[in-house]
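What follows draws every value from the coordinates through simple rules; no lab data is involved. Treat the numbers as computed from the prediction; the structure is a model and nothing was measured. Here Cβ is always computed from backbone atoms with ideal geometry, including for glycine, and neighbour counts include all displayed protein chains.
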């Protein structure tokens with residue numbers, strides 16, 4: 001039997017597979033089902049035959065290690081024509097090499113665990129501030145409300161800024177900016193008109209530049225992220241790029257994770273009962289503190305399982321700077337290489353019944369059997385998410401505070417995922433809200 005030789009053609013959908021993919025897409029109602037169908041039909045590496053978009057998709061722990069660790073010096077993050085690069089300019093997320101490393105070194109101390117006790121207080125207060133506007137039996141959009149909590153938390157924690165008075169003014173600009181960097185027709189038509197984006201960006205920029213000017217005029221203690229950036233003697237434009245990077249990436253990921261977590265708990269009442277029993281035992285009625293985070297072990301499993309099923313950053317993108325060889329396949333320089341966290345997290349080879357919500361799979365006895373890079377909700381290698389620890393603490397504190405005080409009853413129909421800047425619930429999640437323990441709304 002002859003073995004495949006290096007240089008084998010990367011599998012590409014033929015007409016039969018294309019029909020199958022379209023059928024799955026129509027049936028499930030989201031493009032991720034099309035990617036799942038291609039993965040099932042073609043394997044762990046396949047080409048996306050889109051005009052003007054030369055790309056391959058890779059799935060699985062070997063592919064993830066290959067891109068994020070083994071060959072990381074042969075790929076680059078930055079793609080000059082992409083909307084996210086146009087928006088963030090020289091933001092840490094879209095830079096490579098020494099500039100990326102220098103920016104990360106400046107920003108990392110602002111997310112040190114020694115600051116998390118104060119962050120936790122801000123997180124709990126943000127929950128109370130938003131939920132204080134709810135009324136018994138009212139219907140809320142969990143995605144929108146979690147976005148408000150995440151924005152308040154992020155801006156106060158990292159920039160000592162109360163965004164509350166500005167949220168309504170900036171709301172549509174934030175959502176339009178997120179849509180601008182989300183996957184869409186621009187993949188095939190890079191210069192397509194993006195109506196309204198320029199005005200939205202200018203208003204966001206005006207808000208962020210105002211923060212920078214005010215901080216320069218009235219320096220604080222310098223421990224927050226804005227203080228660190230100013231102390232590093234960056235100009236206002238480079239500071240703006242980092243602040244906007246954290247503003248978008250730092251709140252949008254937490255927003256999606258919080259919304260999906262509440263959705264999954266709402267439709268799995270037995271899991272919800274276990275979580276609320278743990279919260280009642282560990283925290284009681286007091287405000288959650290950072291010291292409680294490690295004690296909420298089952299809630300941790302719930303969050304990890306939510307991240308497996310609906311990872312906010314569901315797809316990673318790199319550009320091959322050199323010719324690459326992955327197993328028997330050659331990937332020419334200039335190819336866009338996409339690694340699918342979503343598909344890796346639902347791969348039957350590594351996850352029994354991958355479509356089932358089962359937090360117990362993250363109990364300590366279960367995790368040791370999984371190969372490295374099988375689970376990577378925050379990326380991997382040297383460029384893993386700078387805010388991973390912050391996000392994990394935030395989601396646990398926010399969920400603990402919400403579930404300590406409220407019950408949610410889902411009133412939405414079937415909720416489907418949508419590929420935006422993060423993997424978010426399409427059309428939001430409508431839920432009826434009620435107080436626990438017989439407390440009344442004010």
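Put the Cα centre of the range 282-312 next to the Cα centre of the range 27-102 and the gap is 30 Å. In the chain, helices alone account for a calculated mean residue ellipticity at 222 nm of -15000 deg cm²/dmol, with every DSSP H run of four or more residues adding -39,500 (n - 2.57). For the residues 304, 414, 273, a GNM of the chain with alpha-carbon springs under 10 Å puts the largest fluctuation on 414.
For the residues 234, 107, 24, a GNM of the chain with alpha-carbon springs under 10 Å puts the largest fluctuation on 234.
Based on the convex hull around the alpha carbon atoms, the range 266-308 presents an average projected area of 3.3 nm².
Among 169-178, 196-205, 416-425, sorting by the average number of other beta carbon atoms lying within 10 angstrom of each residue, highest first, gives 416-425, 169-178, 196-205.
As a rough guide to protection, the peptides 108-115, 315-322, 44-51 ranked by mean Cβ packing within 10 Å, highest first, stand as 315-322, 44-51, 108-115. Taken over the range 89-165, the alpha-carbon convex hull comes to 121 cubic angstrom per residue.
Just so you know, the averaged projected area of the alpha carbon convex hull for the range 210-329 sits at 13.2 nm².
Using every pair of separate Cα atoms, the Kirkwood estimate puts the hydrodynamic radius of the range 331-384 at 13.1 angstrom. Report note on the peptides 390-397, 237-244, 350-357, 275-282: ranked by the mean count of other C-beta atoms within 10 Å, highest first, their order is 390-397, 237-244, 275-282, 350-357.
Here the convex hull built on the C-alpha positions of the range 24-109 has a volume of 158 cubic angstrom per residue. Convex hull of alpha carbon positions in the range 328-442: directionally averaged projected area 11.8 nm².
Beyond 16 Å, how much of the Cα-Cα pair distribution for the range 137-231 remains, as a whole percent? Here the tail beyond 16 Å accounts for 65 percent of pairs.
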